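Okay, so here's the structure we're looking at.
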Amino acid sequence: MDLTNRERFMRLMRGQPVDRAPLVPCFGPWPETLQRWHSEGLAQDADYREVVGFDGDLRHILPVNAYLCPQPQPQVLSDEGETEVIIDSRGIKQRARKDGGSMPEFLAHPVETRGDWETIRKLLQPDAPGRFIPDWDRFCRAHADRTEPWYAGDLPVGFFGGPRELMGFERLVLCYYDDPALVCDIMDTLCDLWVGVFSRALADAPVDFFFIWEDMCF
């Protein structure tokens, strides 16, 4: 067999014969891993995927905004040396290492009150301008001839992961008991958003798999 990375992936997922199992990175290495590798002799311009012998990469995502639109502008609130307090593109206030070497410390989330939710809800409308890139039609035509597996979804597309990004873990799990109507309203809004956005996206540019983000293991 002479298979592309996409053909190999799709045949394996469908239970069909393949030349071999795909070897693909998903999230990739931590930044410090590559820094150490470079210090131990990896050429600065080397692609670690090629050095290891990976078959491409699984991180080819459909360029669609399926969350806050327009996105909040990231901003730095304070510089603390190795860390800084920021608000990211999902509106989450966090303390993060500048070198990206660990998970951040989450300090505040966009939805702390019902009033916050009414404001945020306006950013979760399926027909908001900017959900699709300006050259979407050209992308779709090129996408049809791809040789790598592409996917849709990812953070925060999931019915635990999405509300968690809006409220934070602790507030969300308490809200299941204290204010279930609010949780249902958030989930209904996210459902309408994702059905609306992905119905068009997947019709225009079919993908090979869908990534539902349900990061609930802590």
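Please state the relative contact order of the chain as a whole percent: Cα pairs under 8 Å, 6+ residues apart? Please list the in-between numbers first.
Values: 285 pairs, mean separation 46.4, N = 218.
For the chain, the relative contact order is 21 percent.
Counting only heavy atoms of the protein chains, get the accessible area per residue of region 109-218 (1.4 Å probe) and round it to a whole Å² value.
Values: 5850 Å² over 110 residues.
About 53 Å² of surface per residue is accessible.
Of all DSSP beta bridges in the chain, what percent run antiparallel (nearest 5)? Please report the intermediate quantities before stating the final value.
Numbers: 13 of 17 bridges.
Around 75 percent antiparallel, to the nearest 5.
Report the Cα centroid-to-centroid distance between region 1-34 and region 114-142 in angstrom, as an integer.
With region 1-34 and region 114-142 each reduced to a Cα centre, they are spaced 31 Å.
Debye calculation, C-alpha points only, no solvent: report log10 I(q)/I(0) for region 131-218 at q = 0.13, 0.18 Å⁻¹, in the same order as the q values.
Rounded to two decimals, the profile gives -0.53, -0.84.
What's the carbon and sulfur percent of region 1-108's accessible surface, probe 1.4 angstrom, rounded to a whole number?
51
Binned at 5 Å from 0, what are the whole-percent values of the Cα-Cα distance distribution for region 1-129, short to long?
In order of increasing distance, the bins hold 2, 8, 12, 12, 13, 13, 14, 11, 9, 5, 2, 0 percent.
Near residue 144, within a Cβ-to-Cβ distance under 12 Å, what is the net charge of the other residues, with Lys and Arg +1 and Asp and Glu -1?
Once all neighbours under 12 Å are counted, the net charge is +1.
Measure nothing fancy, just the Cα-based angle from helix 180-204's long axis to the longest principal axis of the chain, in degrees from 0 to 90, nearest 10.
30
With a bin width of 5 angstrom, please list the P(r) values of the chain as percents of all Cα-Cα pairs, from the 0 bin to the one holding the largest distance.
1, 6, 11, 14, 15, 15, 15, 11, 7, 3, 1, 0
Determine the share of region 111-206's accessible area contributed by carbon and sulfur atoms, expressed in whole percent, with a 1.4 angstrom probe. Before the final figure, lay out each step's value.
Values: 2800 of 4850 Å².
On region 111-206, the fraction of accessible area on carbon and sulfur atoms equals 58 percent.
Keeping every protein chain present and rolling a 1.4 Å probe, give me the accessible area per residue for region 13-58 in Å².
Numbers: 3310 Å² over 46 residues.
Value for region 13-58: 72 Å² per residue.
To one decimal place, what orientation-averaged projected area in nm² is obtained for the convex hull of the Cα set of region 93-140?
Details: hull surface 23.6 nm².
If you wrap the Cα atoms of region 93-140 in a convex hull and average its projections, you get 5.9 nm².
Just to be sure I follow the definition: excluding the sites themselves, where is the longest run in the chain that has none of the GluC sites (Glu not before Pro) in a DSSP loop with at most 14 other Cβ atoms within 10 Å? Spell out each step's value before the answer.
Numbers: sites that count: 40, 80, 82, 112, 214.
Counting only loop sites that pass the neighbour cut-off, the longest clear stretch is 113-213.
The values are calculated or read from the model by the stated rules, or taken from the named source; none is laboratory data. The model shown is predicted, which means the values in this text are computed figures rather than measured ones. Cβ atoms come from the backbone with ideal geometry, glycine included; neighbour counts cover every protein chain shown. Remember, those area values only see protein heavy atoms, side chains included, never the ligands or the DNA or RNA. Shrake-Rupley method; radii C 1.70, N 1.55, O 1.52, S 1.80 Å.
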